[in-house]
Every structure is written in structure tokens, then in C-alpha cells.
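Below is one structure; the comments refer to it alone.
The values are calculated or read from the model by the stated rules, or taken from the named source; none is laboratory data. All figures in this text were calculated on a predicted structure; none of them were measured in a lab. Cβ sites come from the backbone with ideal geometry, for glycine too, and all protein chains shown count toward neighbours. The protein model used for the area step is the full one, side chains on, heavy atoms only, and it has no ligands, DNA or RNA in it. Shrake-Rupley method; radii C 1.70, N 1.55, O 1.52, S 1.80 Å.
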Amino acid sequence: MKPENNWLYKTLENLEKDKWRDYDFETRLVRRCHELRKIPLDNFTVEDLRIMIGQQIGLDYLVLIALDKLKENLWAEGDYFEGDLLKNVLEVPRDFWKKNKNLWLKLCGLIDGKKAELEEMKIDVLKFYQSNP
């Protein structure tokens, strides 16, 4: 049985107390983002995390989940390429990292010592390091 107070079993709509209005969406991406807001976070795939973090939606919850996935596999892959989740997490805006320095430090710990691999995969970390809160 799932504990009722565990935020991982809730949706972004529940957690943010914000239900987006329904209308006909012009793009598949917008439609998918709306769908994902209604799915419990524990059901998110790497691709779901990649999409939402790339669109800067639900960062307060999804970056933490993404960091756990990256701890298991730094090169976790959504639908595009090996390391695509990491790439999107590294591109999260500086304002988020300023409010969440502990998460910034956690990500630093995951990528420290991986410079050659990151360069080989063409994943730029300079902007991330410059966002040092």
C-alpha cells in the first residue's frame, strides 16, 4: 500500500495545486506536457523527466527524481541519445540552482571527474558550472 503523504505518488497538478485548463493543443510536445502533469511522479520514465525538465516544468520535484536516476546511470537515455537526461538537467536555469544549492552540489558530485566522457558525448557543463549559486 502506498503511503498517502509521499509526494512521489502524487501528480504535478496535485503538488503544485494548479490544474491547467484543457484545450486543443497545437503541438505534440505541449499535449504531452499537459498529459504528464496528470501522471503520478513515480510513473515517470527517463523520457518523461527529460521532456518536462527541458520545458522547465515541475523542476522543484523532477530535478530531485532525475538526480536519483542519474546517480544510478549518469548516461540515462530518453528517446534521443545516451545522456539526454543529464544534458537537460545541466541546462536548468541558474535561478533554480540558487534556490537549491544542495541539488547543484549533488549534480557536481555526479559529474566531477567525468570531463573526458562529457566532452566525448558533446555534453557541455560550462554553463552549469557558471551557474554556481
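Numbers below:
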{"read-out": "Given (1) surrounded by 15 or more Cβ atoms within 10 Å (Cβ to Cβ); (2) closer than 19 Å to V46 by Cα, index of the condition S131 fails", "value": "(2)"}
{"read-out": "Complete set of residues in region 102-128 that are under 18 Å from A66 (Cα atoms) and in a helix (DSSP H, G or I)", "value": "N102, L103, W104, L105, K106, L107, C108, G109, L110, I111, L118, F128"}
{"read-out": "Subset of region 86-101 that is over 15 Å from D68 (Cβ atoms) and outside any helix (DSSP H, G or I) - its residue that is most open to solvent (accessible area, probe 1.4 Å)", "value": "E91"}
{"read-out": "Candidate set: region 30-50, residues that are open to solvent by less than 20 Å² (accessible area, probe 1.4 Å) and among the hydrophobic types (A, V, I, L, M, F, W, C); chosen: the one nearest to the chain's Cα centre (by Cα)", "value": "L49"}
{"read-out": "Segments classed as helices (runs of 4 or more DSSP H), wholly inside region 19-80, with at least 3 members that are farther than 25 Å from K114 by Cα", "value": "28-36"}
{"read-out": "Subset of region 93-133 (residues that are basic (K, R) and in contact with a Pro (Cβ under 7 Å, 6 or more places away or on another chain))", "value": "K98, K101"}
